[in-house]
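The values are calculated or read from the model by the stated rules, or taken from the named source; none is laboratory data. This is a predicted model, so every value here is computed, not measured. Backbone-built Cβ (ideal geometry, glycine too); neighbour counts: all protein chains shown. Surface accessibility is based on the protein's heavy atoms, side chains included, excluding ligands, DNA and RNA. Shrake-Rupley method; radii C 1.70, N 1.55, O 1.52, S 1.80 Å.
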Amino acid sequence: SCAGCYYTFKRMYPEMLGVELPCEILHATQLVERQIRDSQIQPGNLSMKVTYHDPCSLGRHSNVYDPPRNVLKSVPSLELVEMSLNRNRARCCGAGGGLWSFNNRVASESAYKRLVNDVVPLGVDVIATACPTCHINLHFASVKKSLGVRVCDVMELVERATS
């Protein structure tokens, strides 16, 4: 489910190293989107208002925008609310490229700005993302600054909706 690993296998290996992997490379949201479409997974009701954060490695770097949204939209009773800065214009959470471990202050400030400027005004229950480093950084900023914003992975919401 790591957006950075997806980008590495899907784009960097073939484009930078000339290595074609002998298998299909899918992000977890692409796989689950396919399984929902093929009726292998049938999400149940999950009443909540959610916004989706586009991870840089999955969105801008890999052009994967619709699968995570389609997965969320497939959950009955889940209301997906878009942030004004989304898709290729999404504000970075600050965690990508190892910035969180290199310069935690800048990473934390970036996540705080994303939450305060783009998420809190929407009045959502959850900000969902499809990247573990985004999840960690957004969650850390929410807790550290006492914002009370719940952060979930898209797959976590799918699990809740299918349990």
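Data for the structure
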{"item": "Gain in span if fully extended, Ser84 to Val120, counting 0.36 nm per residue against the direct Cα distance", "result": "11.7 nm"}
{"item": "Total formal charge among the other residues, if their Cβ is under 10 angstrom from that of His53, Lys/Arg +1 and Asp/Glu -1", "result": "0"}
{"item": "Local net charge near Ala90, Cβ-Cβ under 11 Å (Lys/Arg +1, Asp/Glu -1)", "result": "+2"}
{"item": "Prolate/oblate/rounded call for segment 1-72, Cα gyration tensor, a/c under 1.5 rounded", "result": "oblate"}
{"item": "Local electrostatic count, Phe140, Cβ distance below 15 Å [Lys/Arg +1, Asp/Glu -1]", "result": "+4"}
{"item": "Å² per residue, accessible surface of segment 23-110 at 1.4 Å", "result": "50 Å²"}
{"item": "Computed lengthening from Arg150 to Ser77, 0.36 nm per intervening residue step minus Cα-Cα distance", "result": "24.5 nm"}
{"item": "Percent accessible area from carbon and sulfur atoms, the chain, protein chains only, probe 1.4 Å", "result": "52 percent"}
{"item": "Those lysines that a straight Cα-Cα span of less than 19 Å connects to Lys49, excepting residues fewer than 8 apart in one chain", "result": "Lys73"}
{"item": "Residue-level accessible surface for Lys49, protein heavy atoms, 1.4 Å, Å²", "result": "60 Å²"}
